[in-house]
Amino acid sequence: MANSEEILITLWGAGTARTLRPIWVAAELGLKYRLEPIGPRTGETKTAAYTALNPKQKIPFCEVGAVKLSETVAICRYLVARFGSPSGLSAPSSIEEAAKEDEWLSFIYGELDETSLYVMRRHGALSNIYGEAPAAMASAREYILRILQVVETALGDREFLLQDKFSLTDLFLTTCLNWVLNYDIPLASSLKAYRDRIILRPAYQRAAEANNPRQ
Ligand SMILES: N[C@@H](CCC(=O)N[C@@H](CS)C(=O)NCC(=O)O)C(=O)O
């Protein structure tokens, strides 16, 4: 484990479900970091300086000393691998645990975030940019319900998705459940209770506040 006090950490991006994730990880790990709260579609991701840093012109982005990373999953995993501690948020301790975390993160990020929720965002609130697509909106909504059913069954009445410990899978799932609630998609009572419990974490509360600098 490295000492984060000695390393300059900068997190770029605020105001979205995705930017919340690295900020929340940093809060869970007690990291000192500088937040550059640039927002999507504000022009701030398109400046020459930011494009030189992240040619994708997307947020979140993070710098940890000389390490520069985009992609929420990669950023969060890197922060945990580098600064995690067994008493808090920590990296999986075996190949099998890592594989299970991979499985859930791929499912939550790939299927719930990108394939479904972000499709609804693109063709809903952002339809002026990405176009109207009522059929895609309706099928994404249907698909979310199927995914939530899988998650609900897997979670059962356990506190966390994997083992007995809060992990990145819970962090990603909770940010997606927030998004689901914003879209007025019905959530099973067990998933709602899970999400309501997790957002009581002090690190979540601090991160949610930091992620909304313009309010
Ligand atoms: N796969 C990327 C997606 C990043 C992404 O699409 N971010 C959005 C905000 S949530 C963004 O930067 N949009 C700015 C734009 O499209 O101009 C990740 O996981 O970080």
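The values are calculated or read from the model by the stated rules, or taken from the named source; none is laboratory data. Fair warning: this is a prediction, and the values are worked out from it, not measured in the lab. We place every Cβ from the backbone using ideal geometry, glycine too, and count neighbours over all the protein chains shown. With ligands, DNA and RNA removed, areas are computed over all heavy atoms of the protein, side chains included. Shrake-Rupley method; radii C 1.70, N 1.55, O 1.52, S 1.80 Å.
Some notes on this structure:
- From the options LEU112, LEU155, residue that is away from the ligand (no atom under 16 Å from the Cβ) and open to solvent by less than 30 Å² (accessible area, probe 1.4 Å): LEU155
- Residue in segment 137-155 that is part of a loop (DSSP other than H, G, I, E, B) and not small (Gly, Ala, Ser) present: no
- Yes/no for LEU69 being open to solvent by 20 Å² or more (accessible area, probe 1.4 Å), under 25 Å from GLU103 (Cβ atoms) and either over 13 Å from the mean Cα position of the chain (by Cα) or basic (Lys, Arg) (or both): yes
- Matching residues in segment 30-49 - criterion: being open to solvent by 60 Å² or more (accessible area, probe 1.4 Å) and at positive phi: ARG41
- All conditions in (1) away from the ligand (no atom under 16 Å from the Cβ); (2) surrounded by 20 or more Cβ atoms within 10 Å (Cβ to Cβ); (3) not acidic (Asp, Glu) hold for SER94, with the sole exception of (2).
- All of ASP196, ASP164, ASP184, ASP113 fail the test of being closer than 23 Å to TRP12 by Cα, acidic (Asp, Glu) and either free of Cβ contacts under 8 Å to residues at least 24 places away in the same chain or part of a helix (DSSP H, G or I) (or both), apart from ASP113.
- From the options ALA52, ALA27, residue that is open to solvent by 30 Å² or more (accessible area, probe 1.4 Å) and more than 8 Å from the ligand (Cβ to nearest atom): ALA52
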